[in-house]
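The values are calculated or read from the model by the stated rules, or taken from the named source; none is laboratory data. Remember, it's a predicted structure, so these values are computed and weren't measured experimentally. Please note: Cβ atoms are built from the backbone with ideal geometry, for glycine as well, and neighbour counts cover all protein chains shown.
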């Protein structure tokens, strides 16, 4: 079985290939190595290969990793956001990927103001209207986007989505297209740039890149299969 170094090199090569097919600059896509359930030693091996951006979904698990590893690393919180953990999440993570309601956005904005910082966030969209997943309904987001982008202590970087499971990567393409088109509509409505799209995971990141992803969340292809599932599988 290939090690983390070889796995990471393979994922990067596949990202470059997807960018080339789409006529995009490979530097326009950021790889988030999803390290939830994996050890500090595993993450350190990826760091030795030059990986600087990591994703975690549980605060309690992530804190000791963040404290043990180089301060230069960038940490993205990719799990469901609980209000009672927002203060600590903002203190430990540079980016939050799953703001799924105006109410939560307003709460995070208030905590960020108390901490004297601007929180960088993605707005989660439920593109498939699945009852099992959180996120804004596209119609609601169109109504609320101006309010969301006007929050003084939130920097809305763009949209994030976890599409419905599909039998093959190509079947997921239309979900990525729909998120990109929604983003374009929201830019017209709000006049805010909303430059980023966090979409694509281990099974479909190449298709997501071809359709405009700026951030892909890849875990198992880098670190191997997880020993357990984690709530809010986002990578």
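Key figures
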read-out	value
Residue that is within 17 Å of the chain's Cα centre (by Cα) and not in a helix (DSSP H, G or I), where the choices are 79, 50	79
Meets criteria (touching a helix residue (DSSP H, G or I) at 6+ places or on another chain (Cβ under 7 Å), in a strand (DSSP E or B) and either under 23 Å from residue 125 (Cβ atoms) or free of Cβ contacts under 8 Å to residues at least 60 places away in the same chain (or both)) for residue 96	yes
Single match in 179, 154 (criterion: touching a strand residue (DSSP E or B) at 6+ places or on another chain (Cβ under 6 Å), closer than 21 Å to residue 31 by Cβ and modelled with pLDDT of 95 or more)	179
Only one of 70, 64 that is more than 21 Å from residue 206 (Cα to Cα), in a helix (DSSP H, G or I) and more than 20 Å from the chain's Cα centre (by Cα)	64
So residue 108, is it without any contact (Cβ under 8 Å) to a residue 60 or more places away in the chain, touching a strand residue (DSSP E or B) at 6+ places or on another chain (Cβ under 6 Å), buried (at least 21 other Cβ atoms within 10 Å of the Cβ) and assigned to a loop (DSSP other than H, G, I, E, B)	no
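Each row is one residue, and each column tells you yes or no for (1) in a strand (DSSP E or B); (2) at pLDDT 95 or above; (3) over 24 Å from residue 54 (Cα atoms).
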{"position": "163", "(1), (2), (3)": "no, no, no"}
{"position": "167", "(1), (2), (3)": "no, no, yes"}
{"position": "185", "(1), (2), (3)": "no, yes, yes"}
{"position": "194", "(1), (2), (3)": "no, yes, no"}
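Here is a yes/no grid of residues against (1) modelled with pLDDT of 95 or more; (2) under 24 Å from residue 85 (Cα atoms); (3) in a loop (DSSP other than H, G, I, E, B):
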{"residue": "112", "(1), (2), (3)": "yes, yes, no"}
{"residue": "117", "(1), (2), (3)": "yes, yes, yes"}
{"residue": "120", "(1), (2), (3)": "yes, yes, no"}
{"residue": "133", "(1), (2), (3)": "no, yes, yes"}
